[in-house]
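J.: Once you've had a glance at the structure underneath, I'll fire off some questions.
The values are calculated or read from the model by the stated rules, or taken from the named source; none is laboratory data. From a predicted model like this one, the values you see are computed outputs, not experimental measurements. Here the Cβ positions follow ideal geometry from the backbone for every residue, glycine too, while neighbour counts run over all protein chains shown. The accessibility values were calculated without ligands, DNA or RNA, using every heavy atom of the protein model including side chains. Shrake-Rupley method; radii C 1.70, N 1.55, O 1.52, S 1.80 Å.
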Amino acid sequence: MTGVQLLAGKTALVTGASRGIGRAIAQRLASAGATVIVTARSLEQSVARARSNPTKPLPGTLQETVALIADAGGRAVPIAADLLDAQQRDTLIPRATARAGDIDILINNAGFCRFAIIADMSLEMFDITFDQYLRVPFALSKAAIPGMRRRGGGWIVNIGSAGAMVPRRPFPRTPTGRGNVAYAAVKAGLNRFTQ
C-alpha cells in the first residue's frame, strides 16, 4: 500500500463487501492501512440474484474482494455470514474479533432492496426489509460498541439512501408501482438511529 496509512493498526468490518459500495469502502479502508474484515453471504460464489433475472447471479464474491485488497498490498479477512439469519448475525462480531481483534470501524452496508406497493407487500417482505436495514445495523452496532470502548473509541457508519429523505413540493413524479415506501421508511429509521 502506498500513501499515508491513517488507519494503520485499526480493524474495520464492512458488511456487503462482495461488490459495489461495500467493496469500494473495504478497498479504501485497506488502502489507508486498516485490516478489513469483509463479509457477505458466501465466500466463493455469488448468491445474490438480479431483480430483473432471478436465475442470474450478480457478479462479485468475497474472495474477489480479498484478492483485490491483497493485490494492492492490503490485508482483508473474509467471513461469510447471512445477516438475516439471527445466529449468523449474532456471532459475526465475536467471529471477527477472534480473527482480527476488536473492531474500530463498523460499516453497516449490506442490503438488497425488495420493492412492492403496500397493498401487495407481504408482512414477510416488510419484516425482511426492516431486519436488513434497521435490526442488523442495530445488532451489529450493539455488539461492536464494547470492543470500541476497550480501544478508546471507534466509528460506526450506516449506509443510508436518498429514498429516506423527506419529499419536497412539488412532489416528484415516480413510476406507478415503484413500491419503495417500506424501504424508504426503514432507511429513514436508520437515519434517525444514526443521528
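J.: Test of understanding: among M165, M148, which residue is at pLDDT below 95 and either of a type in the set (D, E) or more than 16 Å from V38 (Cα to Cα) (or both)?
T.: Result of the check over M165, M148: M165.
J.: Quick check on my filter: what residues within segment 8-25 are closer than 19 Å to M148 by Cβ, open to solvent by less than 30 Å² (accessible area, probe 1.4 Å) and in contact with a Leu (Cβ under 9 Å, 6 or more places away or on another chain)? So that I can check it myself, show each step before the final result.
T.: We begin by selecting, within segment 8-25, every residue closer than 19 Å to M148 by Cβ; these are 8-15, 25.
Keeping just the survivors that are open to solvent by less than 30 Å² (accessible area, probe 1.4 Å) gives 11-15.
Selection gives A12, L13, V14, T15.
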